[in-house]
Amino acid sequence: MIQRFCFVLCLLGTLSSYCQANTEVYLFDLDMDTKGAPLSNPKNISNNHGYDNQPSFWDDNTVLFSSTREGQTDILRFNINQGSTSSWVTNTPTGSEYSPVRIPGKDNISAIRLDLDGLQRLYEYDIHSGESEPISDLKIGYHVWYNDHILVSTVLVADRMDLAVIDLDTGSHHIVHKNVGRSLHKVPGTDLVSFISKGSSKKELWQIKSLDVTDDKIDTILTLVNPVEDMVWLPNGALLIPNDNRISLYNPKVGDTKDFQFFDKEQVFKISRLAVNPSGTRLALVTEISPKEIVQRQVDTFNKRDLDGFVSCYTDDVLAQRFPNDTMYVGKAKMLANYERFYANTKNAKVEVIKRITIENKVIDEEITMVDGRQGHQVALYTIEGGLITSMTFIFPNQETADAESVVQEQLDAYNARDIDGFSDTYADHITLHNFPNQVTGKGKNAIKERYGTFFKNTPNLHCKIKNRMVIGNKVIDEEQVTVNDSVVHAVAIYEVENGKIVKVTFLR
């Protein structure tokens, strides 16, 4: 029971910078005058397995964004008022395009092209024909147009991005600030450009700053409590700042921050980009797909024997292991070879998920397998980053123990009764506590008894409710909702039972 113990115990601008996370672009109606939630009518306008990112508005009714198809990333145009239709602006087999932005005074866009040979430059594209020509030979990461010939952009310097002002008429550029983020915007109602300063050291707080391009003067708008890579301005001069599945609103005029919108993580798991149309009536955001969604996709593609679709759910360096950390293989290439061989040697293979636990970026599935008529039982623990599975850990019923669940239930009942003797008696003398996968955080029954004796006495409002339980062999996996005074915490613990006693507990934090 993780929280029961807790209470007492890609460089941007380089070839590898555009990490191909599994993301989607959502479009919302935006109403700042409503008394309810300001964002409504969500629509997934990318609806594509793979990388969909970096939206910007061509006008009030048209969204541009980068989208991956057939191994390359091109610019897609979504037309809101034309039946919600999409059309491709670019088709570049020799490279990929990112960060599309409308060029002031033209019916053209600018975008970063990353060629297969590693060359990275800013190009201008005709919005109708897709024809292109290079704008600058500088290695630009992100950019915003100050006017029709001056760019404010990030450029790669050593292992960081610096902020540069580029004058296309004179062909000159100069650095105005070191170590900045990717979010560059014109500040509404001013001639300023905002950017995120990451400071000169890891201990320094990030700040949203403004740049006066005419004299390179820089001022601080807001010091960020938590570092964020993205933000966006509303037409009224307020700032929207995302943090995982929520958005905050900061009003520079009065200096206050308040909640703007909170999303269910099943829909919006982690926001990475925001864009608002010129009239402030629509908002586009980019979110990683939820861990539950990518895990379900790999189950579905496995059952369909869609090998390409199956391996596309994993990162290139995916780790497969037996619980807790016994490596089976590493890498998508090895995975592909293993499953090619598996499909070649089986006629029928299917996985049925009978129970599922989701906690933050981890999904735990209890599964029944059927392989050519043979039934199996296993638990798979998936870790997800960037909308892709980075590791999967299998738990098999290698050691059958008839009393595993009853011992763990006895421990739970004693915990809720704050019965320290009954609670500690369910543990073996050599009990060990771990953080997943196998970091030791505590040892010994006497230590547990000492800690919990004081904890039980000082916590009158204490209760643990089991939301989900899986039993496999000698292991019991509990999804718990723990109430400690006025706090409620969601947690997962994996118990291992031997000879009628709990010998090991592994927590997922």
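Descriptive notes on the structure:
- Selection status of Ile196, in contact with a strand residue (DSSP E or B) (Cβ under 7 Å, 6 or more places away or on another chain) and open to solvent by 10 Å² or more (accessible area, probe 1.4 Å): no
- Just one of the listed residues (Arg69, Arg77) is under 17 Å from Glu124 (Cβ atoms), out of contact with any Asp or Glu (no Cβ under 7 Å at 6 or more places or on another chain) and surrounded by fewer than 23 Cβ atoms within 10 Å (Cβ to Cβ), and it is Arg77.
- Among the residues of this structure, Gly130 counts as one that is open to solvent by less than 40 Å² (accessible area, probe 1.4 Å) and outside any strand (DSSP E or B).
- Wholly enclosed strands (runs of 3 or more DSSP E) of segment 269-349 bearing at least 2 residues closer than 30 Å to Ala238 by Cβ and open to solvent by 10 Å² or more (accessible area, probe 1.4 Å): 270-276, 282-288
- Residue among Gln378, Gln411 that is open to solvent by 10 Å² or more (accessible area, probe 1.4 Å), under 24 Å from Glu496 (Cβ atoms) and either part of a strand (DSSP E or B) or not aromatic (Phe, Trp, Tyr) (or both): Gln378
- Flag for Lys203 being in a loop (DSSP other than H, G, I, E, B), more than 20 Å from Val165 (Cβ to Cβ), at pLDDT below 95 and open to solvent by 70 Å² or more (accessible area, probe 1.4 Å): yes
- Residues (modelled with pLDDT of 95 or more and either open to solvent by 20 Å² or more (accessible area, probe 1.4 Å) or touching a helix residue (DSSP H, G or I) at 6+ places or on another chain (Cβ under 8 Å) (or both)) located in segment 149-168: His149, Ile150, Asp167, Leu168
- Only a single item in (1) under 17 Å from Val476 (Cα atoms); (2) touching a Gly at 6+ places or on another chain (Cβ under 8 Å) is not met by Asn348, and it is number (1).
- Within segment 427-482, being within 20 Å of Asn325 (Cα to Cα), among the β-branched types (Val, Ile, Thr) and in contact with a Phe, Trp or Tyr (Cβ under 9 Å, 6 or more places away or on another chain) holds for Thr441, Ile472, Val476, Ile477.
Each row is one residue, and each column tells you yes or no for (1) open to solvent by less than 10 Å² (accessible area, probe 1.4 Å); (2) basic (Lys, Arg); (3) closer than 29 Å to Gly376 by Cα.
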position	(1), (2), (3)
Lys445	no, yes, no
Arg451	no, yes, no
Phe455	no, no, no
Cys464	yes, no, no
Lys467	no, yes, yes
Val471	no, no, yes
Val482	yes, no, no
Ala491	yes, no, yes
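The values are calculated or read from the model by the stated rules, or taken from the named source; none is laboratory data. Note that the structure is a prediction, hence the values are computed from the model and not measured. Note: ideal-geometry Cβ built from the backbone for every residue, glycine included; neighbour counts use all protein chains shown. These accessible areas exclude ligands, DNA and RNA; they are computed on the full protein's heavy atoms, side chains included. Shrake-Rupley method; radii C 1.70, N 1.55, O 1.52, S 1.80 Å.
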